[in-house]
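Inspection log for the structure reproduced underneath, given as structure tokens.
None of the figures in this text is laboratory data; all of them are computed from the coordinates on show. Given the structure is predicted, the values throughout are model-derived calculations rather than measurements. All Cβ positions, glycine included, derive from the backbone under ideal geometry; neighbour counts span all protein chains shown.
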Amino acid sequence: MSLFDQILGAVSNPQQQASPDQLGSILGVAQQVAGNHGMDGNATQAIMSILGGHVRSSLQNQQGNNPQDVVNQFAGLGSNPQAVQSLFPGGQQQQVAQDISQRTGFDTNTILSMLPVLVPLALNLLQSGNSTGGVQQSGNPVLNAFLDSNRDGNVDLGDAMGLAGQFLSQRR
């Protein structure tokens, strides 16, 4: 099952945190960040696609931390430089921004200024599979699908956000 299928499953499951409102908030903030930097939504989707690979690698390599704990601690809709620092310590932030810049053509400093909002947004999307109460036997299926790169190797936050936008527009 793809990442977006897991997100849709979480939206339709009342025992998981995901909701159309949560998805709408995430997409709204992403569009606002893009607009603040003179970009359109497609630009943010491209940035999130690349950023998602870096977030996945970082979560998979968390030493001494459970990835779910990191997601829960830093997921949000606002700017959180600590989220970026937690996932990309030291010079890794610059490396991530340079990689995104090289692959999208956007300025590295612009990307650096966007990371404190985009990283918590990515984690917020991953948090959507959390249980609303009680203990979930299998953990967070959205996060599990995101971290399981062995399935098809094609886990993409940007695509998931784009599909979420289409899903929400069809519901209106």
- [ ] Calculate the spin-label point distance for Gln98 paired with Gln170, positioning each point 7 Å from the Cα along the beta-carbon direction, and give it in nanometres.
- [x] 4.2
TODO: Could you run the Karplus curve 6.51 cos²θ - 1.76 cosθ + 1.60 with θ = phi - 60° over segment 91-103 and give me ³J(HN,Hα) per residue in whole Hz, x for Gly and Pro?
DONE: x, 5, 4, 4, 5, 4, 4, 5, 4, 4, 4, 5, 8
